[in-house]
Amino acid sequence: MATALQQITDRLISVLHRTSQTINLHEPTLKGAEWKYVKDCIDTGWVSSVGSYVNRFEQHLKKYTGHNYAIATTNGTAALHTCLQLAQVQQNDEVLIPTLTFVATANAVSYCGAIPHFVDSDPSNLGIHVPKLRNYLSKITNIHKQQCINKTTGRPIKALIAMHSFGHPANLNPLSDLCQEFHLTLIEDAAEALGSFYRGQHVGHKGLMSILSFNGNKIVTTGGGGAILTNNESLAHLAKHITSTAKIPHAWQISHDQIGFNYRMPNINAALGCAQLEQLPNFIEKKRTLAEVYRKAFADLPYAAIFTEPEYAKSNYWLNLLMLDKNFIHLKDELLAQCHLSGIAIRPAWTLMHQLPMYCSMPRMDISMAEELIKCIICLPSSVNLLDNINKQ
Ligand SMILES: *Cc1c(COP(=O)(O)O)cnc(C)c1O
């Protein structure tokens, strides 16, 4: 009988119909009006900070996600930085973030001079572990004048960033309750979750503000780009204002009323984004089909299973995850090596934030669940066009 390692590899190959061609983890699909819209920017000269595609892109995002406001930015990290600024996160404040996230979440907190405070994960949805965090906060914080104070460090804990890991919505209702209980501003890092729904509503509505990313590896790309989503009118106007250098609108005067950022998305990127958003429903359908094909391929193996969406969610399945059974995590390194040799770009999840050199001395709760979880996760190739490419062969 084939070894466990061989059986897992065979299942992967059965889905991917490996050829001599390398199979990347995630590549963009640019088969719509991308060329037409980008060419239009070049033909008309409107490639930069002014032009109609930015507005059109924002309108489309609002309509799709159901938000009242969408503000396009240069990237998701800039969008997060802006949200934290608008949430009044200041020097020496603490911000709760999952240790299981991409480094941008922690970096955006640092850009404000604030301190990321790392939180454990819930293995059932890969988001923040709410009961465990509540228990922790009850022990280490005091509420003083409507502010949550960390008794250990003496610093205010201002906000909590929920992250929707690999496109799977975190459990937003309990998270939102927890934030109210402890006077924390909730921000959603939905960088990976465009097209994911929580109890029937697009993610991003529970946070005061939320962000998306349109980096090249995300479900929809603008080359590089991001967006802020919110239902709060004054925050939306401020977000637009400070991401466009805080320039006071005027026909010819150039003046600014505060320190702003040059975080506005250029028109040429938005043109790409408009073409991509037109294809989003189709992308989601293909992602969900691929997830189902993977799920079936591994259904009867005792060593590993495909991660499926939480019962309250409809996920975009941005990246499919193979979860090794905890008795087989020793196979991980060899599996990674073997697949890379066969031209299949599988990956482990990110290094946990509290293990990175610049963040290892930051405050954190007991992180044992995330540490166990991370050992099991293998990210599988999940490009939108993967099944098309396979069917063509
Ligand atoms: C991609 C990503 C970001 C940052 O987006 P960029 O557009 O690359 O700056 C932030 N958070 C998470 C969880 C991400 O996956």
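The values are calculated or read from the model by the stated rules, or taken from the named source; none is laboratory data. Source: prediction; values computed, not measured. Note that we place each Cβ from the backbone using ideal geometry, even for glycine, and neighbour counts take in every protein chain shown. For the accessible areas, the whole protein counts, side chains as well, though only heavy atoms, and no ligand, DNA or RNA atoms are used. Shrake-Rupley method; radii C 1.70, N 1.55, O 1.52, S 1.80 Å.
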Over all directions, the chain yields a Cα convex hull whose mean projected area in nm² is 20.7
For the chain, percent of DSSP beta bridges that are antiparallel (nearest 5) comes out at 65
Going through LYS296/LYS332; LYS62/LYS240; LYS132/LYS332; LYS332/LYS375 one by one, the pairs whose alpha carbons sit over 18 Å apart turn out to be LYS296/LYS332; LYS132/LYS332
Computed over region 74-147, the distribution of all Cα-Cα distances in 5 Å bins, rounded to whole %, is 3, 15, 21, 22, 21, 13, 4, 1
Zone reached by a paramagnetic label modelled 7 Å from ASP177 Cα along Cα→Cβ, restricted to region 140-154 with backbone N below 12 Å, covers none
Expected sort for 7-13, 35-41 on mean C-beta neighbours within 10 Å, highest first, is 7-13, 35-41
Taking a probe of 1.4 Å and leaving out DNA, RNA and ligands, the chain shows per residue an accessible area in Å² of 43
Per the C-alpha gyration tensor (a ≥ b ≥ c, the square roots of its eigenvalues), region 136-290 is rounded if a/c is under 1.5, else prolate if a/b beats b/c, else oblate; here it's oblate
Whole-percent carbon and sulfur contribution to the accessible surface of the chain (1.4 Å, no ligands, DNA or RNA) stands at 53
Expressed as a whole-number percentage, the relative contact order of the chain with C-alpha contacts under 8 angstrom and at least six residues apart is 25
By the C-alpha gyration tensor axes a ≥ b ≥ c (rounded if a/c is under 1.5, else prolate when a/b exceeds b/c, else oblate), the shape of region 174-246 is oblate
